[in-house]
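The values are calculated or read from the model by the stated rules, or taken from the named source; none is laboratory data. Bear in mind that the values here come from a model prediction, so they are computed numbers and not experimental data. Here Cβ is always computed from backbone atoms with ideal geometry, including for glycine, and neighbour counts include all displayed protein chains. Side chains included, ligands, DNA and RNA excluded: accessible areas come from the protein's heavy atoms. Shrake-Rupley method; radii C 1.70, N 1.55, O 1.52, S 1.80 Å.
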Amino acid sequence: MMGVTLKSVLVSALVGLTSIVKAADLPAIEVVGNKFFYSNNGSQFYIKGIAYQQNPENSTGTFVDPLANAETCKRDIAYLSAIDTNVIRVYALDVNEDHTECMQALADAGIYIIADLSQPDESINRKDPQWTLDLFQRYTDVVDKFHNYTNVLGFFAGNEVTNDDTNTAASAYVKAAIRDTKAYIKAKNYRSIPVGYSSNDDDIIRVALADYFACGNQDERADFFGINMYEWCGTQTYQSSGYQNATEDYKNLGIPIFFSEYGCNQVQPRRFEEVSTLFGSQMTDVWSGGIVYMYFEEENNYGLVSVDSNGKVSTLDDYNYYKSEIKKISPSSASINSQNATGASSPTSCPTATDVWAASTELPPTPDKDICDCMQSSLKCVVKDSVDDEDYADLYDYVCAKVDCSGISSNGTTGKYGAYSPCSPKEKLSFVFNLYYLDQGESSSACDFSGSASLKSASTASSCSAYLSSAGVSGLGSIQGSVRTDTSEATGSNGKSGSSSGSSSTSSGSSSSSSGSSDKKSAASSVTLTAFTKAGVIGLSMIVGFGMIMI
């Protein structure tokens, strides 16, 4: 193992300290054309990132929030700063935790975050993609929790959801999530926080996939596109690694693109010779840097550091090789003024349907609690509260063999979506129970389903009439829901104000997989610190880190 001396880390940390700005002054990053820029001075921003999230080995939950533990966060900032890190990627966040102290320490160190909006139990499932009220609630909860931090560079609305040509239709649901999250940010009058997507590198669909997320109007397209790139293994060149082909493939993409993960480990130790190429003149006109996978050493052997059971950090060979390479880079920099003047990136055209690309440009409707509530109130035959949701699938199979369930179904290939497809599983099952009940002439025996259903009084509020009329009795009509904020303010998916009366939905969960590459691994207010206080905070975190470095 290559060691790292206390002196070398201290020197790097002190050099970094001279460029640190106050947290309140840390500029937001904005998108212009296909590049990122600092909002305060218009200079170009390149991502020099590290993926930062441990597996939940000793946790009772499905993930460990990496920003909730201020002690370990500050410990690790010393190591991140020593390798010029300016971005960390986090894959899952607990909205019930307090992230203030960690986010402040990261801001003081000049480190931004890109956060995935999903979490392992609440994400879009490529095998059964849906964009629902519950999932939208999860996304907006994360936005609400983190929007005030100017060192939030952006959010990922999905990670490798479409990963080959058999599930491209799932991308329609992720793009709907991007559209609605952007509309929510706008409706809440938050600062304009970019929302994008992180893809795997499937050479059959990768161009169509990127074009799909980059195309369309500003309200629905992704603000940036990440690709989890593991092509450069061992000693390669720009040509032999596939980087040249990838750069040619994406040269006309109209939004920023970067490596949302990189660092092949088929040859170990990783010497990170690709870093000089990624930040070199052959790639920087197209690419905006990348995020190394990953900080923590785990069973997949991608770590830069190891952490023992006592919390002691030891740097690994990969850390030192990466440090050597990232310290050498000096990428050319564009200015926001020249980017605006040249109009470097034209809007991307949407991909046409082929035998390997089938996602429709017609997106699922915006999940709207008012619509689902109105539908539920109008029903006479509904699911009993006592029915276990694990039994829903069998009940769906039974009733959908007898009535048309298109009103609750969705199809990302044809672009046909039932009016009630974004509603909860219980609401949708009640809807088709009621369809069967009506089809059978409202016979009391038709609302039984082996004791799973019961009758209730139906009601239709005046505010519901338009929704129910547009949807039709079968739910086959067209309704585009409205984005609703916690002030009962409704906006359309374009962010413009509309009729109001709803409120934000409550969250449960939609099952899926999330957090990291599937083939590799399983708001608080800003605080202005004086220069003296800031130095003390950073110094303390550095000292904590130094005390645990293996010499």
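Miscellaneous remarks
- Filter result for the condition that a residue is under 23 Å from GLU362 (Cβ atoms) and open to solvent by 10 Å² or more (accessible area, probe 1.4 Å), over ASN148, ASN167: ASN167
- ILE408 satisfies every condition listed in (1) among the β-branched types (Val, Ile, Thr); (2) closer than 12 Å to SER378 by Cβ; (3) open to solvent by less than 60 Å² (accessible area, probe 1.4 Å) except (2).
- Entry remark, the stretch 441-476: residues being surrounded by 15 or more Cβ atoms within 10 Å (Cβ to Cβ), over 27 Å from TYR417 (Cα atoms) and polar (S, T, N, Q) number 1 in total.
- Selection count where residues are part of a helix (DSSP H, G or I) and either open to solvent by less than 20 Å² (accessible area, probe 1.4 Å) or of a type outside the set (A, V, I, L, M) (or both), scope the stretch 347-405: 20
- Elements of type strands (runs of 3 or more DSSP E) contained in the stretch 281-324, each with 2 or more residues being over 28 Å from the mean Cα position of the chain (by Cα) and farther than 29 Å from GLN44 by Cα: 313-315
Yes/no per residue for (1) modelled with pLDDT under 95; (2) part of a strand (DSSP E or B); (3) more than 23 Å from MET229 (Cα to Cα); (4) polar (S, T, N, Q):
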residue: ASP128; (1), (2), (3), (4): no, no, yes, no
residue: TRP131; (1), (2), (3), (4): no, no, yes, no
residue: ASP141; (1), (2), (3), (4): no, no, yes, no
residue: LYS145; (1), (2), (3), (4): no, no, yes, no
residue: THR166; (1), (2), (3), (4): no, no, no, yes
residue: VAL174; (1), (2), (3), (4): no, no, no, no
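Yes/no per residue for (1) part of a loop (DSSP other than H, G, I, E, B); (2) under 19 Å from the mean Cα position of the chain (by Cα); (3) of a type outside the set (Lys, Arg):
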position: SER81; (1), (2), (3): no, no, yes
position: ASP98; (1), (2), (3): yes, no, yes
position: GLY110; (1), (2), (3): yes, no, yes
position: THR150; (1), (2), (3): yes, yes, yes
position: LEU153; (1), (2), (3): no, yes, yes
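For every residue, the table says whether it meets (1) within 18 Å of ILE255 (Cβ to Cβ); (2) open to solvent by less than 70 Å² (accessible area, probe 1.4 Å); (3) modelled with pLDDT of 95 or more; (4) β-branched (Val, Ile, Thr).
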site	(1), (2), (3), (4)
VAL15	no, no, no, yes
SER19	no, no, no, no
ASP25	no, no, no, no
ALA28	yes, yes, yes, no
PHE36	yes, yes, yes, no
ASN40	no, no, no, no
LYS48	no, yes, yes, no
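- Among the residues of the stretch 364-376, none qualifies, meaning not one is more than 26 Å from THR485 (Cβ to Cβ) and at pLDDT 95 or above.
- Scope the stretch 470-487; condition among the hydroxyl-bearing types (Ser, Thr, Tyr) and under 16 Å from ASP373 (Cβ atoms); matching residues: SER470, SER482
- Cβ-Cβ under 8 Å pairs, at least 6 apart or on other chains, the stretch 220-242 side farther than 20 Å from GLU325 by Cα and of a type in the set (D, E, K, R), far side at pLDDT 95 or above and open to solvent by 40 Å² or more (accessible area, probe 1.4 Å): ASP223/VAL31
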